[in-house]
Each structure stands twice: as structure tokens, then as C-alpha cells.
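Contents: one structure, followed by commentary.
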Amino acid sequence: MSAESSDLVRIEHVTKTFHRGSEEIHVLSGLDLTVARGEFLALMGPSGSGKSTLLNLIGGLDRATSGSVIIENDRLDELDDRQLAAWRARHVGFVFQFYNLMPVLTAQKNVELPLLLTHLNRRERREHAEIALNAVGLSHRLNHFPRTLSGGEQQRVGIARAIVTDPTLLLCDEPTGDLDRKSGDEVLSLLQSLQENGKTIIMVTHDPHASARASRTVHLDKGQLSTTGPE
Amino acid sequence: MKFLSLIWSSMKRKKLRSVLTLLSIFVAFLLFGILCILKESLTGGVSATDAARLVVRHKVSFIQMLPQGYANRIKTIHGVSLVAHQTWFNGMTKTMDNASDVVVPSFPVDPEIFMKIYPELVLPASQMEAWMSTRTGAVVGKTAADKYKWRIGDHIQLTSPIWQTEAGANSWEFNIVGIYTGAKKNTDLSGFLFRYDYFEEMRGGLDKSMVGWFGVRVDDPQQADAISKRIDDEFANSPWEVKAEPEGAMVQGFIQQFGDIASIIRAVLSMVFFTILLISGNTMSQAVRERFAELGVLKAIGFPNGLVLMLVLGESCTVALLGGLTGLAMAWVFSLGGSPVPNFLPVWYMKPQDIYLGMGFALLLGLVTGAVPAIQAFRLRIAEALRRDA
């Protein structure tokens, strides 16, 4: 198998520029990066280095100013908004720093959210959500609301929501940033086990302890890759 | 359907705010319903009129009497088919708690001819026969019978501050022999009708053989104005000049004494709706602004912009419909209780068209108040929405 065919993510000459009034802010400048299928990549860098912006481009949450983002065989810059939404629903699971769960929904209903976009019926959605929550060790918390869960548990619900559709790619933005060390470790172990089961994971983090769990770490600085390789 | 639970859950986010918003919309539509009932009550008399009927009264005012004998002269006028007289009796009875006197709209009439001119009053044949054979017999509308708990066979007294018997008494004895219903929804059923021959025989004073006004049925409604003119001319320069006009015009003129009711109601409704629109619109906008991050997450996991727009619109429409339909239902229930002032506003019901109009307004309210936040949600950029939460 060639190296190119094993790449799940290909970032080619990507730039991203924001405008603040008349000022142009170049966040990413001609960036190239590939991520292999089954890889657990950590993206590190100081604040403002462009790592979250890069994650947003890979997840189809934002569009590059120039260059191309190719995930499997899909060029994201060629998809319109509706196609991009459908692509995200099929291929990407997101884990956020502050969990971003719906406070009015139980853990199970939160996990079922992405399944509302599928053709699964109510019973099937419930079963899938239970399997996902079981996978993150929360089968006993199905009917709990987020406010009754600890930070670590909320993040695990967030991970269950991200994996419930069995996406190709898992994108995590500072998944341990709001957690204590013990809960953070549990979440990282969970991500590692997901990688071992074949998931491709890209994780933005400030924390060297977290990046140490990744199979590869890249550093971003001022919109450019500065170093690449294992920590 | 699967998204309904999501909409419902969103409404439970801030329960107090949702309840207050629902309550404000509920009150607005309750008011809308009651104003519709009131409008129908005030203007329904016009739609209840018969185009083939004229009212002939004294030229100066309704309270001036006319000779009963005018009936025969009116009947000879070309185009007139039937003539019946009525007189305001101003009968009074006690309220159910015996605490005060209330006026019952009561009139001495010639039963046979009167019921022919007013066919919308439906009286069973057996009760009509009983009325014809009972000198002190009276028939009452169903609304009045229900209100005062009068039943056929009851012997009752009415007192009249206007009419005394020859013996000088204000108290008049009657036997209830019939209860009439209405052929139409808006038929006035608050009346009390009794025999003119009994009234004429018993009453004292100087007004013997004088009556209040005449109801006239014409052969051709198209000729109503021309016939009215002929009747006016017939009695011109007599001691009792008359004013004849179609029944609808007379009722309309009576209503206009209260001002332009429809315009007043429209103005009040417009102000109420505009206020509710502002309140609901502001609440919806605020609710959506607070949830930009959540909407961003929905979009991130694949909810398309159109679906997010529909969810926000669905929420605003659910709130508006829930509050609106409950308010309309409560107004309808209120109308079933009957008029609180049956003598003044005897017709008291909610037209189905007004209910449908209210439903339409509720949906429109939901769409209008939800439109701006829905468009905001539609345009929301995911990365920006997620940054707001960080």
C-alpha cells in the first residue's frame, strides 16, 4: 500500500486569512500536512498559532482562503454548505473542550442527536446511543442530565456523541483542557483505545502530557508547522 | 416528528420565561376571542336582520307611541304583505338570588302575525296553540328561560315601571306556555313575548290603543327603500308622523350610537398584537442568542442550515400556537357561559370564522417572531458560534 493511499487527511498549501476591519490576519500560511488512517495526531502550539483554525478546516467547520483540504477522496473546498453538513454528519465526530452538551437533554438523548440525521428509527437510535455510552463506560448514566455529571463524565458523553455514528475521523479540541488530571487521563485512555480500534484522531492540545498519548505530534507556530514527529 | 422532542426540550430550558411568554400570548388571544365575541354581539344584530323587514316608528323617537290602527293603513300600501306591532313593556323580575331587579326585554304582540313576520323564532306548534288559547300566556326565549329558570307551566309576575293595570298595579301576571329557540345562531333568545289583547285589556292610562312600533314584511326586499318612502309619505303631516326604514339600517343606526365599534376593536387588537409581537420577538431572539454555541454544535455534527432554521421557527410557532390556541379555547369556553349582560348584548357566541382567524394569527405570530432569530441561526458561522462559548 502506498503512503499516499494510506493518508486519510491531506492539507495542501492551505492559507487562512481573517479580516478585522481593514487589517488582514494571516492565521495559516501555505500549510501542508498529512494524517495517516488510524493515526492519533496531536496538534500543539501557543495560543493564536492557528491550531484550532486548522482543526476547523479539517472538520469542514470553516473554509480555507486558499489551498485544499482533502479527506479520503472528498475535497472540502468543492462542497457547498449543504453537502459539507452532510459530509460532517457522515465522516466526522467532534469533541469540544467544554463538552457542549445540550443541558436540557439526558446523556442518552445528547448522544442520539447526530442519529436524528440518519434513517434510524427511535428504537435503533436508542440502541446505538446505549452502545456508545457503554463504550465510554457510562451505561449507568443514560438518563442523567449533564448538570448531574462530573466534568470527566460529561466529556465522555461528548466522546460517545462523537463516535455514535462511527465516523471516519475524530476531531478533539482541547478535550482535557477543562478537566483535572485524573479525568483527563481517563479521557486520553479512552481516545487511545478508540485509536487502537481503528479510529483516526486529531487532537488540539496545550498539554504535553496529553500529546504524549498521541502517536505523532506536530507543532504549529505563526500559522506554519515548526516541528513534526513523536514527542 | 423526531425533531419535535428537540423543540419541546428547548422550550423547557428556561421554564419561567417560557411560561411567561406562553401566558402573554394566551392573554392576547383570550382578549382577541372575547373582542370577537363582543364585536359579533354588537354588530351581529345587523347580520341577524331580515332584508324583507321594515321597522316603522315615530318620526321623533322610538319612545313616542303610534296608533295601533296605523297597522291597517300600512297594510294597504303597495308592496306590504304583513304588519305586526310591538311595544316596549320594560318588564322586571328578580335576579336568581333575589337581590335586585333586572329588566327582561318584554313585548306585547299579536302572536300569530308576529311569528309570521319573525320566522327565525321557532316555537313548537303545540306551544303556539297553547299561547293562542291562554290569554295570560307568554313565550320566552331559551336564553331567558335558562337564565331565570322558567319552565312551561310556571306562573310568574313581571313588574313594569311604565305600564300599570287599570287597578293601578305595576305587577302583571303571566303563565309561561312556550319556550322558543332560534333558527339561526345569532337569533336573540332573551325576549319575553305576551299577548297584546291581554295587555290592551288590562292597561290603564291615556295610551290605550297606542303601540310602540311596527314590523313590516314586504314582498320584494329590493323595493324596501321605496316602500319605506311610501309609508313615510302616507303619514306625512299627520299628528303621528313616522320613520320607516329597513331593519338592517335601523340596527346599524342604533349601533352607531356607540361609535364605530369595529374600528375601535381593530385598533385595540392591533395594539395588543403589536405589543405581544415585540415581547415574543424579543424573548425568542434572546433565547436563540443564548444558544448560539448549541446551535453551532448542532451544525458541527451535521445539522444543515435549513434544518436549524426550521427548528428555531418550529419553536417559535409551537410557543405561539400553544399560547394562542389555549387562549382561543378559553374564549370559546367563556362564550358558552352566555352573555354576562343578556339584556344589552343578547347575542353571545364565537363565530367559527373568528376561531380560524385566531388560529391563523397565532401561526403568523410564530412565524414573524421566529423569523429574525431563525435567520440569525441560519447564517450563524459554526467556528464563530463555538468561539463564543470558549
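Screening A:LEU116 on (1) part of a loop (DSSP other than H, G, I, E, B); (2) under 23 Å from A:GLY59 (Cβ atoms); (3) without any contact (Cβ under 8 Å) to a residue 40 or more places away in the chain; (4) not β-branched (Val, Ile, Thr) shows it passes everything except condition (1).
Pairs meeting the criteria (first residue in segment B:6-20 and more than 9 Å from chain A (Cβ to nearest Cβ), second residue surrounded by fewer than 13 Cβ atoms within 10 Å (Cβ to Cβ), beta carbons under 8 Å, at least 6 apart or on different chains) are B:SER18/B:LYS12.
Name the helices (runs of 4 or more DSSP H) wholly inside segment B:281-390 in which the number of residues that are touching a Pro at 6+ places or on another chain (Cβ under 6 Å) and not aliphatic (A, V, I, L, M) is 1 or more. Walk me through it before giving the result.
On the way: elements: B:292-300, B:305-336, B:352-379, B:382-389.
So the answer is none; nothing clears 1.
Residues in segment B:1-10 that are over 9 Å from B:ALA287 (Cβ atoms) and not aromatic (Phe, Trp, Tyr): B:MET1, B:LYS2, B:LEU4, B:SER5, B:LEU6, B:ILE7, B:SER9.
Let's see how each residue does on (1) charged (D, E, K, R); (2) under 20 Å from A:GLN195 (Cα atoms); (3) buried (at least 22 other Cβ atoms within 10 Å of the Cβ); (4) modelled with pLDDT of 95 or more:
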site	(1), (2), (3), (4)
A:SER6	no, yes, no, no
A:GLY21	no, no, no, no
A:ASP81	yes, no, no, no
A:MET102	no, no, no, no
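Taken over segment A:132-143, the residue count meeting the criterion of being surrounded by 15 or more Cβ atoms within 10 Å (Cβ to Cβ) and either within 14 Å of chain B (Cβ to nearest Cβ) or outside any helix (DSSP H, G or I) (or both) is 4.
Residue count for segment B:257-309, restricted to those that are within 14 Å of chain A (Cβ to nearest Cβ) and of a type in the set (Phe, Trp, Tyr): 2. Looking at segment B:135-164, which of its residues are farther than 17 Å from B:PHE107 by Cβ and either among the β-branched types (Val, Ile, Thr) or within 25 Å of the chain's Cα centre (by Cα) (or both)? Scanning segment B:135-164 gives B:ASP146, B:LYS147, B:LYS149, B:ILE152.
Listed here are the residues, each with its yes/no results for (1) crowded, with 19+ Cβ neighbours inside 10 Å; (2) basic (Lys, Arg).
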| residue | (1), (2) |
| --- | --- |
| A:LEU179 | yes, no |
| A:LYS182 | no, yes |
| A:LEU191 | yes, no |
| A:ASN197 | no, no |
| A:ILE201 | yes, no |
| A:HIS206 | no, no |
| A:HIS209 | no, no |
| A:ARG216 | no, yes |
| A:ASP221 | no, no |
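Considering only residues that are within 10 Å of chain B (Cβ to nearest Cβ) and in contact with a His (Cβ under 7 Å, 6 or more places away or on another chain), look in segment A:104-131 and name the one that is surrounded by the fewest Cβ atoms within 10 Å (Cβ to Cβ). Among them, the one singled out is A:LEU120.
Pairs, please: C-beta under 7 Å, at least 6 apart or cross-chain, first residue of a type in the set (Asp, Glu) and in segment A:16-32, second surrounded by 11 or more Cβ atoms within 10 Å (Cβ to Cβ)? Sorted first by the residue in segment A:16-32, then by its partner, the pairs are A:GLU24/A:THR17; A:ASP32/A:ILE11; A:ASP32/A:GLU12; A:ASP32/A:HIS13.
The values are calculated or read from the model by the stated rules, or taken from the named source; none is laboratory data. Here the structure is a predicted model, which means the values were calculated and not measured. Using ideal geometry, Cβ is built from the backbone for each residue, glycine included, and neighbour counts are taken over all protein chains shown.
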